[in-house]
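Step one of this worksheet: look at the structure below.
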Amino acid sequence: MNDTEFLANAHIRFSPTILQRLGEELNPSPDVGILELVKNAYDADAINCTIELINTNQSGGAILIKDDGDGMDVEAIRDKWLLLGESGKSVSHMTKLGRTPAGSKGLGRLAALRMGNEVALSTCPKCDSTKQYNLYIDWSNYENAKTVEEVNLVIQERSPQIEHGTEILLQGLHSAIGRMDVKKLARKLILLADPFGDNPHGFKPHLIAPEFAEFESLVQNRYFEDAEYYLTVEVNKQGYIKALVTDHRGGELFSANHEELTKKRGGKPYNCPPAKFDLWVFILKSDSFSTRKITLAELQRWLKEFGGVHLYENGLRVSPYGDQGNDWLEMNIRRVQSPEERPATNSSLGRISVLNINQQLLQKTDRSGFIENEAFLDLKLFAQDAMDWMAKKRLQVAEERRQKKRDENQKKSSQSKKNIEQVIAHAPASVQVELKQAFDSYEHSRNKEIEQLQQELQLYRTLSTAGITAATFAHESSGNPIKVITQSIKAIERRGKELLAEQYYQVLENPVSQIIKAVHSLGVLGEATLKLLNHEKRRLGRVEIHEVIKGVLATFQPFLEGREVSVVTEFCPSNPYLRGSEATIESIITNLINNSLIALEGALSRNIIIRTTIENNKVILQLLDNGHGIQEINIEDIWLPGQTTRPNGTGLGLTIVRDTVTDLNGEVKAIAKSELGGAEFIIKLPILGS
Amino acid sequence: MTLTIANRLIESVQIIDDDPNVRESYRYVVEDLKLKPVSINALHNLDQFVQSLQMSGNSAVICDYHLRTKNYATSNGAEVVAKLYQSNIPSILCTRYDTTIEEIREHRQYIPALIRPEELDPDNLEYGLRQCIEELEGNYLPSRRSWRTLIDVEDVDETRQIAYVLIPGWDPHQVVSVPLAILPPHIKKQEIKKQRWFHAKVNIGAENMAELYFERWEIG
């Protein structure tokens with residue numbers, strides 16, 4: 001007997017709420033949805049695509065998207081346009097205009113179509129422009145339906161009222177499109193199809209809005225010839241790269257092959273799709289703009305809107321790479337690390353054009369960029385490695401230039417001196433003596449100034465040498481003698497207690513404990529120096545401000561105790577952190593504490609307060625002491641190098657604080673007399689979180 | 001005098017340090033533990049040294065990390081202690097490890113006892129030897145026992161050949177530096193990349209970062 005019996009066929013079915021899940025909930029903002037429809041126009045080989053916003057400053061408005069592409073026939077509407085989840089486009093087949101289809105799965109389209117209550121589609125196929133097809137979707141019909149398939153959609157044929165192409169009208173928008181959204185949309189549309197290239201079949205999306213016209217005229221400015229230099233790097237199918245840097249006239253400055261560019265990674269090829277990286281770098285110094293057609297402000301505005309490196313996949317831009325505030329190649333942070341000769345997002349414009357035929361790069365379903373797989377990370381790395389190479393090359397050139405300049409200046413200076421001496425010699429005898437005296441006096445003060453600068457330079461070099469020496473000889477200079485003293489004195493302590501019993505405490509305990517304390521303090525200096533030099537601390541990453549302060553205080557503890565200085569920390573309850581290196585924060589705190597310790601010399605009681613608070617995504621760090629405050633020096637001058645009120649002071653500590661805070665995009669100010677009576681330093685630093 | 005730990009008799013402690021004055025000062029600690037100090041004046045052949053200790057028996061070792069500034073030894077202290085431990089000889093590494101954490105991490109699995117020089121005294125020496133001997137007998141402290149856990153690569157410094165990883169099972173916020181040299185041959189260095197996941201056996205009971213060691217890596 002058969003124990004199974006056929007009852008009925010069954011299918012997985014979808015409730016209409018799935019449309020909401022895949023539509024609205026996967027659509028982060030109106031511009032993303034609209035952009036998906038514009039990409040459909042690109043895939044249909046349209047040259048023009050117009051987006052009109054009708055009464056969208058309030059809900060209930062409409063959007064009309066009109067293109068002059070290939071249009072659709074009944075089959076295309078039914079089997080492609082209305083089919084969700086499967087792309088009808090194959091990226092391996094180019095369109096007639098040679099475009100690689102954007103290859104969307106239709107989810108972005110659904111998200112856009114669901115922005116309103118109704119959708120009206122009119123399309124006229126290019127292959128048969130005698131026909132026009134209309135389709136109307138009323139989303140309210142789905143509300144009462146049990147499954148998506150239950151709602152019947154009708155494709156109607158009528159005599160053509162439009163030329164070939166497609167028109168989509170989204171009506172009854174659920175929400176208004178604000179001014180900022182329009183601006184965002186305009187910017188994205190302008191950048192969508194590489195406005196910086198010279199493609200004759202270029203796709204021209206057009207938004208009917210004043211914001212768009214503004215961006216359009218801005219983008220058309222094309223200030224590329226004002227770039228100081230231009231980097232172009234190509235990675236081929238096999239993952240090998242080559243790079244070239246040219247100057248503003250197109251003359252070659254440097255070039256490199258794969259071997260030179262990838263020394264750091266042992267010549268390993270990049271596992272990413274073939275790509276080309278172009279980067280135009282501008283030097284934003286007002287003096288170099290006096291002879292140009294454009295002003296520095298114009299260029300800065302252009303770079304503010306379009307600066308950064310944009311990423312184009314098969315000809316279409318992928319957001320958010322290169323959006324304002326999106327520094328995906330970490331250009332700004334690398335510039336902070338080593339400021340000389342490195343471009344930032346506000347001083348350069350670039351694009352990476354990737355030919356992603358084999359779909360090595362995969363876009364996230366919510367269109368928020370690429371999945372960060374190996375191909376994407378290698379694509380990023382190839383661009384970063386090329387920029388590192390260019391920075392190194394430019395640094396070499398800058399160093400050579402500096403040396404040449406030094407030699408030239410020396411020659412010029414002695415020639416000028418000779419000239420003046422000759423002029424004086426030919427002057428009437430009556431003024432000759434006076435002139436000579438005036439010139440000698442000028443030369444004397446100038447030499448004094450040079451001497452002062454040379455001393456400052458020497459000071460920097462001496463301090464660096466002191467650091468290098470401390471690191472090199474830390475092991476034998478401080479480590480070993482301290483080990484020997486520590487072990488010997490501890491042996492005396494142990495053996496003394498055992499041999500002398502009570503007598504030890506009377507005779508030896510005090511001197512022994514004095515030595516132990518002193519050795520500990522000695523050791524701290526070596527340890528503190530080594531800790532400051534630790535390579536690990538210069539690594540970029542998450543830096544927790546409170547932890548760094550605690551670490552510095554722990555290192556300084558013996559010195560603070562020795563000077564009888566009490567440090568009170570008043571930390572905010574949360575844990576502020578930023579992206580940077582521990583060394584940067586440490587150098588701020590260390591220099592401020594050093595500064596306070598000097599100010600507290602001679603004070604009756606010696607107190608420091610370190611306070612943190614959070615305000616508008618910034619940590620405010622205050623360091624106050626009860627020393628003599630800022631006196632005998634103008635408060636603005638304390639930040640200048642070499643300014644010190646102490647005979648042996650370097651005058652560099654506060655300069656380092658100011659420069660470090662500036663590098664972290666922060667602000668620093670000083671108050672001559674604080675609530676504690678001494679100086680107060682207030683530092684505001686942008687944080688990632690707390 | 002002798003010391004007996006887990007049925008193992010210790011009579012002498014060999015002192016390895018490239019500075020004769022340091023070797024001399026370490027003798028006091030060993031003597032105060034009532035053991036015989038033996039200063040090693042040079043260590044050019046580690047295998048031979050290991051063999052001689054295995055033959056004489058009843059020896060333990062205390063060793064500094066920096067041994068190569070002069071012509072004292074061909075290996076660093078971490079390599080020496082690891083080799084001795086694997087040869088069943090109780091050994092202690094005595095160093096300030098702040099700046100050599102990655103180099104030591106490469107061998108940390110075989111270094112159960114690490115003492116800072118200023119903390120070296122007879123009690124800590126005995127404790128370190130006890131910890132090492134117990135481990136050689138198979139009795140691991142919870143902080144030294146390794147468990148299979150997830151490793152998230154945060155960053156890679158190719159110049160220094162170091163990966164920076166997060167070990168959520170130990171501390172989800174602290175970045176740990178791992179020398180790429182630690183990786184087994186089946187995982188190529190190129191596979192260690194930012195935002196990749198791996199599995200490894202790690203002593204996630206460790207109290208601080210310097211104690212962490214890694215073994216049996218797997219691609220996640």
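The values are calculated or read from the model by the stated rules, or taken from the named source; none is laboratory data. Values in this document were obtained by computation on a predicted structure and should not be read as measured data. Note that each Cβ is placed from the backbone with ideal geometry, even for glycine, and that neighbours are counted across all protein chains shown. All accessible areas refer to the heavy atoms of the entire protein, side chains included, with ligands and DNA or RNA removed. Shrake-Rupley method; radii C 1.70, N 1.55, O 1.52, S 1.80 Å.
Here are the numbers:
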read-out: Cα→Cβ-extended label distance, 7 Å offset, between A:Gln161 and A:Ile614, nm; value: 5.7 nm
read-out: Where Rh is the Kirkwood radius over Cα pairs, Rg/Rh for the protein assembly as shown; value: 1.06
read-out: Pairwise label distance in nanometres, A:Ile633 with A:Val151, each label 7 Å out on the Cα-Cβ vector; value: 7.3 nm
read-out: Gap separating the Cα centres of segment A:142-161 and segment B:7-74, nearest whole Å; value: 88 Å
read-out: Highest average packing first - A:422-429, B:106-113, A:50-57, Cβ atoms within 10 Å; value: B:106-113, A:50-57, A:422-429
read-out: Efficiency of FRET from Cβ geometry, A:Lys392 and A:Glu434, R₀ 51 Å, rounded to 0.05; value: 0.40
read-out: A:Thr166, A:Thr17, reordered so the largest accessible area comes first (probe 1.4 Å); value: A:Thr17, A:Thr166
read-out: Translational diffusion coefficient (Stokes-Einstein; Kirkwood radius from C-alpha pairs) of segment A:17-213 at 25 °C, 0.890 mPa s, in µm²/s; value: 143 µm²/s
read-out: Pairwise centroid distance, computed over Cα atoms, of segment A:1-55 with segment A:497-527, Å; value: 80 Å
read-out: Linear extension gain, B:Ile187 paired with B:Asn139, 0.36 nm per residue minus alpha-carbon span; value: 14.3 nm
read-out: Calculated on alpha-carbon atoms, Rg and Dmax of segment A:344-467 in Å; value: 28.6, 89
read-out: Fraction in percent of alpha-carbon pairs per bin - 10 Å, segment A:536-686; value: 11, 43, 37, 9, 0
read-out: Protein accessible area in chain B, 1.4 Å probe - carbon and sulfur %; value: 46 percent
read-out: Global geometry of chain B, whether rounded, prolate or oblate, following the gyration tensor of its Cα atoms and the 1.5 cut on a/c; value: prolate
read-out: For A:257-267, mean number of other protein chain Cβ atoms within 10 Å; value: 1
read-out: Cα extents of segment B:144-219 along the three principal axes, largest first (Å); value: 29, 23, 18
read-out: Kirkwood hydrodynamic radius (C-alpha pairs) into Stokes-Einstein, segment A:427-533, 37 °C and 0.692 mPa s, D in µm²/s; value: 173 µm²/s
read-out: Residue-span extension gain [B:Gln54 to B:Lys34] - 0.36 nm each, minus C-alpha spacing; value: 5.0 nm
read-out: Square roots of five times the Cα gyration tensor eigenvalues for segment B:68-137, Å; value: 19, 15, 11
read-out: For A:373-381, mean number of other protein chain Cβ atoms within 10 Å; value: 2
read-out: Computed FRET value (nearest 0.05) for A:Arg563 with A:Asn358, which takes r as the C-beta separation and R₀ as 60 Å; value: 0.35
read-out: Shape category assigned to segment A:527-580 from the gyration tensor of Cα positions, a/c cut at 1.5; value: oblate
read-out: Euclidean distance of C-alpha centroids, segment A:382-410 and segment B:183-219, integer Å; value: 39 Å
read-out: Sites A:Ser129 and A:Gln238 - FRET efficiency at Förster radius 41 Å, r taken between beta-carbons, to 0.05; value: 0.35
read-out: Burial order of peptide ranges A:311-323, A:394-406, A:563-575 (average beta-carbon count within 10 Å, highest first); value: A:311-323, A:563-575, A:394-406
read-out: Eligible aspartates and glutamates near A:Lys517 by straight Cα distance, threshold 18 Å, same-chain separation 8 or greater; value: A:Glu493, A:Glu509, A:Glu527, A:Glu561, A:Glu564, B:Glu118, B:Glu119, B:Asp121
read-out: Angle in degrees between helix B:77-86 and the longest Cα principal axis of chain B, rounded to the nearest 10; value: 80 degrees
read-out: Protection proxy ranking, peptides A:228-239, A:173-184, average beta carbon neighbours within 10 Å, highest first; value: A:228-239, A:173-184
read-out: Average partner coverage of B:21-27, which counts Cβ from other chains inside 10 Å; value: 5
read-out: Per-residue HN-Hα couplings for segment A:574-580 [Karplus 6.51, -1.76, 1.60; θ = phi - 60°; Hz; x = Gly/Pro]; value: 7, 10, x, 9, 9, 9, x
read-out: Anisotropy class of segment A:221-398 from Cα gyration tensor, a/c 1.5 cut; value: oblate
read-out: Qualifying lysines (Cα of each under 16 Å from Cα of A:Lys669; at least 8 residues distant if same chain); value: A:Lys618, A:Lys684
